Structure formats: C-alpha cells, structure tokens
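The values are calculated or read from the model by the stated rules, or taken from the named source; none is laboratory data. No experiment lies behind these values; they were computed from the predicted model shown. As a convention, Cβ positions derive from the backbone with ideal geometry for all residues, glycine included, and neighbour counts pool all protein chains shown.
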Amino acid sequence: MADPRTAHTPGPASREPDRASRPPEVDRAAASRRAVAARRERASLKRDVTMRVITPQELLRRALAEPESPAGAMRITEFLTSIPAIGEGKRDRILAQLGISPVKRLGGLGARQRVALERFLDQRWPELKPRRGRSRLVVLAGPTAVGKGTVAAHIKEHHPEILLSVSATTRAPRPGEVDGEHYFFVDDAEFDRLIADGELLEHATVHNRFRYGTPRGPIESALAEGRTVLLEIDLQGARQVRAAEPSATLVFLLPPSWDELVHRLVGRGTEGEEERDRRLKTAKVELAAQHEFDFAVVNDDVARAADEVASLTS
Ligand code: 5GP
C-alpha cells in the first residue's frame, strides 16, 4: 500500500515524467490564444444569426461541413439561443422535442438529430426561395453601408449590357458627381412635379432627409428593347417596386458579417453614442427585411458580389 505521507509529495524521480507530459510553456500560451480566438469567432457567428446576417440553416451547414471549425464547435444550446425569438425556456423544450442533449456540439450531431434539427429550422425560418422565371427588372437593396453603390458601380462598368437606372434626388451633388450620370439633381418643386405627373416608378425620403425616386421612362424604354435594368435603391423603394411590378427580381445585399457591417457603419467612431445606436438599430431593422427578397448576395468582395448579382439577371 502506498505510504500516505509520500503519495502526494512525489520525489525528484517522479517529478520528471510529469513535467515531460505537460506541453511546454509556449505551446500552452499558443493553445490558449487559439481558444480565445475560437471563442471570439463563435461569438461573432452567433451575432450573425441574431442580427440575421446569416440564417440558422447556414450556420448549421457550415458546422456540419467542418465539425472542427468554430461553427462545428458551437454548443447546440448557444446555437438555439442565438436565433431571434428563442429564449432559454423555449430552447430546452425544442431540445427535448428533437431528442438532442444540451451538451451536444453542432459538429457532433448524429444523423437523425441533424435531420430533425434541419426540418425544425426549415419549418420555422424558411430560407429565401428564388422564384422561378427571372425578370429583367432587378432591384438591389440592403442595409445602409453594405456597399450597394460600389457593387452597382462595378456592374455598370463591367456589364454594360445592364442599364443602371439614374435616380432623381433633391440632395445636392457631391464633388465629382455629374447631373444625369450619377443622379438627376432636382429641387423640391421639380420632384413634386415628377410625382404628380406619374413619372416616378417609386420614390422615398431616405434617412429622413432628401427625396429620391426612379424615373419610369428610361426603364420602360430599356425593358421594351429587351435590356436588363438594375435599380440601386433603398428598402422602401424596393417594396414599392415589388408592389408596382410583382415580377421584379429583388436582390438583398448582405455584409459578410454583423461585425463587418458595424465596422463599415460606425468605423472611425467619430459619431456620438446616440448616432451610433441609431445607425445600428436601423441596420438591424433593415436586415430583418431580407425575407421579402428573392435572392441574398454577400458583399464579401465587390467584384465577386457584382458578378453574382449580374448572373441573377441573365
Ligand atoms: P446617396 O445620397 O448616398 O447617393 O444615397 C442614399 C441612399 O438613397 C442609398 O441607400 C440609395 O440606395 C438610396 N437611393 C438612391 N436612389 C434611390 C431611388 O431612386 N429611390 C430610392 N427609394 N432610394 C434611392
């Protein structure tokens, strides 16, 4: 029997193997840095689901494709509570109903559990289902600061067969902006006239400041010639186009992640806290509108996103 006085006080001989089996100091530091980075990535993915930048199904797909990834390492409990409208009580009922243990990680779900979870998600949070038959009238919208203007400009330059509609606006030109090319710069009286004469397909006051509208004439001529027309407009405008032309194709431009959108929105942090909160709240509401659209395109790279939007029009 071991001597109780010596059992917990190993001598020099027994201390050696113990030290050898432990990772050296540098490895442990690196491992802990990796753990912190993985936690941060999981937190970021959860925010993406909460803010509707990605669907729960998309996160699950990434987890199943790479069980070792941050998505794969996410606990089912964290995953479910990141979904808007699921609190802890509901989460536990869902887990019981699906027969999934709360300690499971997404990457470690069994085949039957995966199917049950996928079916459950598809019933509650239907993903965008592109409508059959594409229209040549395409609307590009999305949250503020997602980069719609840059993507539209890229399409204009690289896909000359697509007509980028030129809007009318009551705001003043910025340096470098040309009347008739970037916008038709008009005053309030002229904007009122355009509305009264039915010359605008849609119009809206954007950011509570200036009015913007899509002239109907050039679009109708281009469509009549068989050309594709792209409108880069705000959400209110997109909804009006849908109502006026139900067959129009609506494309929602998404940021690569919520964190990236926050960065683009409040980047330099020169605004006050109130303005910052207002912008983030607006972005959250805007992202929640994406289910009204036919397609979602991620603006992870301007050229790639522009090509994807252009491919939806052909
Ligand atoms: P900016 O003044 O920065 O050029 O544009 C501000 C916002 O107005 C952008 O979100 C842009 O999508 C939106 N916008 C530009 N033209 C139109 C338009 O014709 N109709 C609507 N509804 N929004 C527009």
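Using the structure shown, decide if residue 217 is at pLDDT 95 or above, over 20 Å from the mean Cα position of the chain (by Cα) and over 13 Å from residue 143 (Cβ atoms). Lay out the reasoning, then the answer.
Working: at pLDDT 95 or above: yes; over 20 Å from the mean Cα position of the chain (by Cα): yes; over 13 Å from residue 143 (Cβ atoms): yes.
Yes.
For every residue, the table says whether it meets (1) modelled with pLDDT under 95; (2) more than 20 Å from the chain's Cα centre (by Cα); (3) more than 24 Å from residue 289 (Cα to Cα).
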residue	(1), (2), (3)
28	yes, yes, yes
43	no, no, no
48	no, no, no
98	no, yes, yes
104	no, yes, yes
123	yes, yes, no
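I'd like the full set of residues that are more than 16 Å from the ligand (Cβ to nearest atom) and surrounded by 17 or more Cβ atoms within 10 Å (Cβ to Cβ), limited to the stretch 220-242.
228 - this is the single residue of the stretch 220-242 that is more than 16 Å from the ligand (Cβ to nearest atom) and surrounded by 17 or more Cβ atoms within 10 Å (Cβ to Cβ).
Going by the conditions given, is residue 253 touching a helix residue (DSSP H, G or I) at 6+ places or on another chain (Cβ under 8 Å), at pLDDT 95 or above and within 22 Å of residue 125 (Cα to Cα)?
Taking the combined requirement at face value, the residue satisfies it.
Rundown of residues vs (1) over 16 Å from residue 262 (Cβ atoms); (2) part of a loop (DSSP other than H, G, I, E, B), yes/no style:
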{"site": "42", "(1), (2)": "yes, no"}
{"site": "49", "(1), (2)": "no, no"}
{"site": "52", "(1), (2)": "no, yes"}
{"site": "57", "(1), (2)": "yes, no"}
{"site": "60", "(1), (2)": "yes, no"}
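For the stretch 243-261, which positions are in a helix (DSSP H, G or I) and not hydrophobic (A, V, I, L, M, F, W, C)?
259, 260, listed by residue number.
When you scan the stretch 79-124, how many residues do you find that are more than 12 Å from residue 60 (Cα to Cα) and of a type in the set (Asp, Glu)?
Within the stretch 79-124, residues that are more than 12 Å from residue 60 (Cα to Cα) and of a type in the set (Asp, Glu) number 2.
Tell me which residues, restricted to the stretch 269-306, are farther than 22 Å from residue 206 by Cβ and free of Cβ contacts under 8 Å to residues at least 12 places away in the same chain.
269, 273, 301, 304
In the set 23, 56, which member is touching a helix residue (DSSP H, G or I) at 6+ places or on another chain (Cβ under 9 Å) and loosely packed, with under 15 Cβ neighbours inside 10 Å? Walk me through it before giving the result.
Working: 56 fails: loosely packed, with under 15 Cβ neighbours inside 10 Å.
Matching residue, one of 23, 56: 23.
Any chance you could count how many residues in the stretch 164-211 are in a strand (DSSP E or B) and either within 13 Å of the ligand (Cβ to nearest atom) or within 26 Å of the chain's Cα centre (by Cα) (or both)?
Summing the residues that are in a strand (DSSP E or B) and either within 13 Å of the ligand (Cβ to nearest atom) or within 26 Å of the chain's Cα centre (by Cα) (or both) in the stretch 164-211 gives 16.
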